[in-house]
1. Can you compute the FRET efficiency between Glu188 and Glu2 using 1/(1 + (r/R0)^6), with r the Cβ-Cβ distance and R0 = 25 Å? Round to the nearest 0.05.
2. Under 27 Å from the Cα of Lys14, which lysines turn up, not counting those fewer than eight places away in the same chain?
3. Using the Cα centre of region 10-113 as the reference point, and only Cβ charges (+1 on K/R, -1 on D/E), how large is the resulting charge dipole? Debye, rounded to the nearest 20.
4. Identify all lysines with a Cα-Cα distance to Lys137 below 29 Å; exclude those on the same chain that are fewer than 8 residues away in sequence.
5. Most exposed first by the Cβ proxy, i.e. fewest other Cβ within 10 Å, how do Tyr199, Tyr154 rank?
6. What is the magnitude of the charge dipole of region 99-234 about its Cα centre, with +1 placed on the Cβ of each Lys and Arg, -1 on the Cβ of each Asp and Glu, and no other charges, expressed in debye to the nearest 20?
7. State the Cα centre-to-centre distance between region 181-196 and region 1-50 in whole Å.
8. Relative contact order of the chain, please, whole-number percent, based on alpha carbon pairs below 8 angstrom and at least 6 residues apart.
Amino acid sequence: MEDAISEIADQRKKNHFAIVDAVVKKKDNVASIVFNENEGSFLVGVAAALSTKSNKIGFVGGVDSELVRKFEVGFRAGVEAANPKAKVEVKYAGAFDKADIGKATAESMYKSGVDIIYHAAGGTGTGVFTEAKNLKKADPNRKVWVIGVDKDQYDEGKVPGTKQSVTLTSMVKKVDTAVQDLTTKAKEGKFPGGEVITYGLKEGALDISPSKENLDKDVLKKVEEWKQKKSSRVK
């Protein structure tokens, strides 16, 4: 994608372009939008730490990369900050499109006593949801949870034939907030061409999902407290 944007930017130098989750260098008409995913992951880490009953939590990543590591590091930091007794088991699937590997990884984690898994694995994460839903369908009283990523994945966690969802919460990346901010800058004649613009908690571009049915009120209160604390720290 970076090469394609770079090529078309050279062809249309009077136009403005933006790329999300990637960086195009040395192009005065291209702005690169990136996010502090570790900050949003910290918040869902707090939610997981305060919701776990077993003190065993899992993280499933897609490809082991610098980007996905940001999700892992932020999540682990949130868990440790809110509940030092909880342990995080980390597994990387090696792909973003292998739902079968995601399912097998989740099966192993849940069998070991993990009760909450945060995935940053794209399509591989679909398998994590599948395993959690299968366990929930087999035993409606079992507490197994998945934390979604990038968007509100409450619907992905809905258990067929029931009113339940295994989605505890999700780490939401508000791309629309970033794009709106960039559009406003462009209208004001301040388009940040050639720059890398980073969005995080301070800019309101990361948060937990609006679907909060499965989080206790006390947990939500603590997450909000940490959100305010982390937001003020990065200002």
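A short reminder: the numbers here are calculations on the coordinates, not readings from a lab. If you're wondering where the values come from, they're calculated on a predicted model, not measured in any experiment. All Cβ positions, glycine included, derive from the backbone under ideal geometry; neighbour counts span all protein chains shown.
1. On the way: r = 27 Å, r/R0 = 1.06.
Step by step, r from the Cβ atoms, then E = 0.40.
2. Reachable lysines: Lys25, Lys26, Lys27, Lys185, Lys187, Lys190.
3. That gives region 10-113 a dipole magnitude of about 100 debye.
4. Correct list for Lys137: Lys53, Lys56, Lys87, Lys91, Lys98, Lys103, Lys111, Lys151, Lys158, Lys163, Lys212, Lys217.
5. If I rank by nearby Cβ atoms, fewest first, I get Tyr154, Tyr199.
6. Working: 24 positive and 20 negative charges, 59 e Å.
Approximately 280 debye in magnitude.
7. Distance between centres, Cα-based: 13 Å.
8. The value is 21 percent.
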